[in-house]
Amino acid sequence: MRISLSRCWLAPTRLRVALLLVLGMSVSSAKAVAQAVLPGRVVFPDGGIFRPLLADPQRPQFFAKYFWTRSPRLGAQTGSVGFGRDIGFVRLPSGRWQLSLAAGVFSQFNMDSKSSDLLGVDYIVGFPITHRRGRFSARLQLYHQSSHLGDEFILHSQAQRVDLTYEAVELLLSDEIANWRLYGGGEYLFNHQPRDLKPGRLHAGVEYRQTAPLVRLGRFGDGRLVAALDGKSFQDRNWHVGWTLHTGLAFTPTSAAAPGGGGWSVLLEAYGGPAPFGQFFRENISSVGLGLAFDL
């Protein structure tokens, strides 16, 4: 039996994204072999040269969060889980440029319902090109996002699904000064549904990472205080800004040599503005909650 790659790519969006996620995880499993052949770690390098954004709701990572939410349609208590990661493909010998695959799946649940109804799922797959020169770094990324309503939510609320899917190009610039980091840039959406979706977005934020450990938990690692404020402004919402405030302890196990490798975080997070969940992007929400995240 023959399988046509072109037919696979024309399959429904959910299957298409799932195929890319499986490809990404398969590539990750080949890391040890590639690094043994190329000890310079030019192929499948550990870590990244553009630090992940601490408070970006679309950051690909493994997490579980519980929110108390104010929203016209979402429940008063919302759960959110996700998995994903940024996998380096190739880093130039200079160490200044890197090509990666970033993929993530994010789900939201109505914790007020008896069956914890699935509200929606967002799929994101991107190919970031990152650059670093001293304290300055940049990320240029082409990515795809699609969003889907949960069957239980449709059944219980008679909600109408929005066909939200798009490709976007993103550019972010970052400057790190001691324990602080400033970043800013924007995105442009193209080939998008719905057709009347306005394509412009602005993105900026500030982060703080403590250098010296605040607490020590033995094998669980050293905990450092982190705090971040992330803002995204949407042309489709008349440039209304969605703010994410994020603070907590980031733990780095002593065995994790690579930056961001094997770490975990305990977080307090607050949000206000256009909903960061794809199917509800034209609604406003506010929330506060707790989360546990892992960088695997």
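The values are calculated or read from the model by the stated rules, or taken from the named source; none is laboratory data. Keep in mind it's a predicted model, so treat the numbers as computed, not measured. All Cβ positions, glycine included, derive from the backbone under ideal geometry; neighbour counts span all protein chains shown.
The table for this structure:
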| item | result |
| --- | --- |
| Residue 101 being over 24 Å from residue 66 (Cβ atoms) and in contact with a helix residue (DSSP H, G or I) (Cβ under 7 Å, 6 or more places away or on another chain) | yes |
| Complete set of residues in the range 62-83 that are assigned to a strand (DSSP E or B) and either closer than 27 Å to residue 135 by Cβ or charged (D, E, K, R) (or both) | 65, 70 |
| Single condition residue 230 does not satisfy, out of (1) surrounded by fewer than 20 Cβ atoms within 10 Å (Cβ to Cβ); (2) in a strand (DSSP E or B) | (1) |
| Conditions (1) crowded, with 17+ Cβ neighbours inside 10 Å; (2) closer than 14 Å to residue 56 by Cα; (3) of a type in the set (Gly, Ala, Ser): number failed by residue 184 | (1) |
| Some residue of the range 204-216 being in contact with a His (Cβ under 8 Å, 6 or more places away or on another chain) and either more than 22 Å from residue 108 (Cα to Cα) or of a type in the set (Lys, Arg) (or both) | no |
| Where a residue in the range 181-208 is in contact (Cβ under 8 Å) with a residue 12 or more places away in the chain and its partner, wherever it lies, is of a type in the set (S, T, N, Q) and not in a strand (DSSP E or B), with Cβ under 6 Å and at least six apart | 198/235; 200/235; 208/179 |
| Residue list for the range 200-222, restricted to those being surrounded by 15 or more Cβ atoms within 10 Å (Cβ to Cβ), modelled with pLDDT of 95 or more and not hydrophobic (A, V, I, L, M, F, W, C) | 201, 203, 205, 207, 208, 209 |
| Filtered residues of the range 280-296 (kept if farther than 25 Å from residue 236 by Cα and either at pLDDT 95 or above or assigned to a strand (DSSP E or B) (or both)) | 289, 290, 291, 292, 293, 294, 295 |
| Flag if residue 252 is touching a strand residue (DSSP E or B) at 6+ places or on another chain (Cβ under 8 Å), modelled with pLDDT under 95 and either buried (at least 18 other Cβ atoms within 10 Å of the Cβ) or under 15 Å from residue 294 (Cα atoms) (or both) | yes |
| Options 136, 67, 50; residue that is more than 17 Å from residue 187 (Cβ to Cβ), in contact (Cβ under 8 Å) with a residue 24 or more places away in the chain, crowded, with 21+ Cβ neighbours inside 10 Å and not polar (S, T, N, Q) | 67 |
| Selection from the range 228-249 of residues that are without any contact (Cβ under 8 Å) to a residue 60 or more places away in the chain and aliphatic (A, V, I, L, M) | 241, 249 |
| Number of positions in the range 85-102 that are crowded, with 17+ Cβ neighbours inside 10 Å and either at pLDDT below 90 or under 18 Å from residue 262 (Cα atoms) (or both) | 5 |
| Considering residues of the range 104-127 that are more than 17 Å from residue 140 (Cβ to Cβ) and of a type in the set (A, V, I, L, M) only, the residue surrounded by the most Cβ atoms within 10 Å (Cβ to Cβ) | 119 |
| Test result for residue 100, within 17 Å of residue 53 (Cβ to Cβ) and assigned to a strand (DSSP E or B) | yes |
| Some residue of the range 266-285 being within 22 Å of residue 62 (Cα to Cα) and exposed (fewer than 14 other Cβ atoms within 10 Å of the Cβ) | yes |
| Qualifying positions in the range 33-75 - at pLDDT below 90 and within 19 Å of residue 157 (Cβ to Cβ) | 71, 72, 73, 74, 75 |
